Amino acid sequence: MEGVSETTRNSTHATDVTVLGLGAMGSALASALLDSGRSVTVWNRTPGRAADLVDRGASAAGSVREAVQASPVVIACLLKHASVEETLSGPVADELRGRTLVNVTTTSPNEARALAAWAAERGVDYLDGAIMAVPAMIGSRAGQIFYSGSRAAYDALLPTLDVWATSEFHGEDAGRASLVDLAMLSGMYQMFTGFFHGAAMVSSMGMSAADFAARQAPFLAAMTEGLDGYAKVIDGGDYTVAGQQSLEFSDLSHIVRASEEEGVDPSPIAAVQALISGQIAAGHGSEALARVYESLRSGS
Ligand code: FVH
């Protein structure tokens, strides 16, 4: 199998790759592996989710242990960190020795590090993965998957990983892929919440969320062009640089007030205003809005 190193390849293995977890994402990953011509063993806690994949040539394992034994590379795509711990605890852990474990379950950075340490103690090559895609995007280059942990595993498996999405390695500290993933999701959820807040504000004048979205989406898309400029200011560390909107100019108390006047909870925008006010109170009112980054980074 292309992408499996000499050290892990073993002619006694029944299949190239095992996928643990056949939820929406695990099924998509297994399906893409089959499409690429790899032989695949699948396992799911609740029976009955493997039928389509088996029809397409996958082997269904009757137990996690059997699934792990089947392949040199084991993919875990389960609900959360606790599901992985539960699934891989006990005698199954011994079966993993000498194999590569790629865990694409969403975890926190420290959970990924804990699993990497657990794997190292058991002679398991560990690669953590963070998927920036929905199941429908798996199998195209449009999605991204970040990896961290064993560089050797990443290099050996790259042709296989590339079957799913665009792969990106973030270093041997196993927590790094998760950190980038969660930071990206933080931005996304705050953008969604900003939209929900705006939609609630205009609902008082009878505008539907759909009508608001039709206006908000192109506006937000245009605004993202400003991210590069903010990034340059943050990375340069000089918030007095010319051409930037100042913190004083960015006072958002009128938006907080308007939200309250419409009977809408202002907490999302009030949180932003509190960050701006904090920087102004610290004497930085004439400096760039991006200085808010410093409050966030220092945890104050
Ligand atoms: N779906 C998505 O859009 C995303 C996008 C980015 C990242 N994720 C992460 O991928 C992990 C799996 O997500 P999923 O979409 O496959 O999730 P579900 O469809 O809900 O399937 C969950 C599977 O996990 C199994 N499972 C849950 N708990 C346990 C357990 N204690 N022991 C063993 N297996 C467990 C569950 O099995 P069952 O309920 O059918 O028996 C499913 O196979 C996830 O981390 C996302 O954050 C998805």
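Annotations
- Largest GNM mean-square fluctuation among ARG257, ARG49, ARG65, using the chain with Cα springs under 10 Å: ARG257.
- DSSP bridge orientation in the chain - percent antiparallel, rounded to nearest 5: 25
- Cβ-based exposure ranking for GLU261, GLU294, GLU85, in which fewest neighbours within 10 Å come first: GLU261, GLU85, GLU294
- Restriction of the trypsin sites (Lys or Arg not before Pro) in the stretch 100-198 to DSSP coil positions whose beta-carbon has at most 12 other beta-carbons within 10 angstrom yields ARG141.
- Compactness index (Cα Rg / 2.2 N^0.38 Å), the chain: 1.24
- Along the stretch 255-261 the Karplus relation, 6.51 cos²θ - 1.76 cosθ + 1.60 evaluated at θ = phi - 60°, assigns HN-Hα couplings of 6, 4, 4, 4, 4, 5, 4 Hz to successive residues, with x for each Gly and Pro.
- Just checking the listed ones, ASP155, ASP55, ASP128: in the Gaussian network model of the chain with Cα springs under 10 Å, the one fluctuating most is ASP55.
- When each of LEU220, LEU53, LEU227 is scored by the number of other beta-carbon atoms lying within 10 Å, the sequence from fewest to most is LEU227, LEU220, LEU53.
- Between helix 227-236 and the chain: long-axis angle, C-alpha atoms, 0 to 90°, nearest 10: 90
- Overall Cα dimensions of the stretch 17-179 - principal axes, largest extent first, Å: 39, 38, 25
- Efficiency of FRET between GLU260 and ASP35 - r from beta-carbon atoms, R0 45 angstrom, step 0.05: 0.25
- Volume of the Cα convex hull of the stretch 37-119, divided per residue and given in Å³: 98
- Between LEU33, LEU185, LEU247, the GNM of the chain built on Cα springs shorter than 10 angstrom shows LEU247 fluctuating the most.
- Cα-centre dipole for the chain with unit charges at Cβ (Lys and Arg positive, Asp and Glu negative), debye to 20: 600
- Value in Å of the Kirkwood radius, where the stretch 204-298 supplies the Cα pairs that are averaged: 15.0
- Between helix 209-223 and the chain: long-axis angle, C-alpha atoms, 0 to 90°, nearest 10: 90
- Under 11 Å, Cβ to Cβ, from PHE146 - net charge with Lys/Arg +1 and Asp/Glu -1: -2
FYI, it's all coordinate maths here, none of it is from the lab. Bear in mind that the values here come from a model prediction, so they are computed numbers and not experimental data. Please note: Cβ atoms are built from the backbone with ideal geometry, for glycine as well, and neighbour counts cover all protein chains shown.
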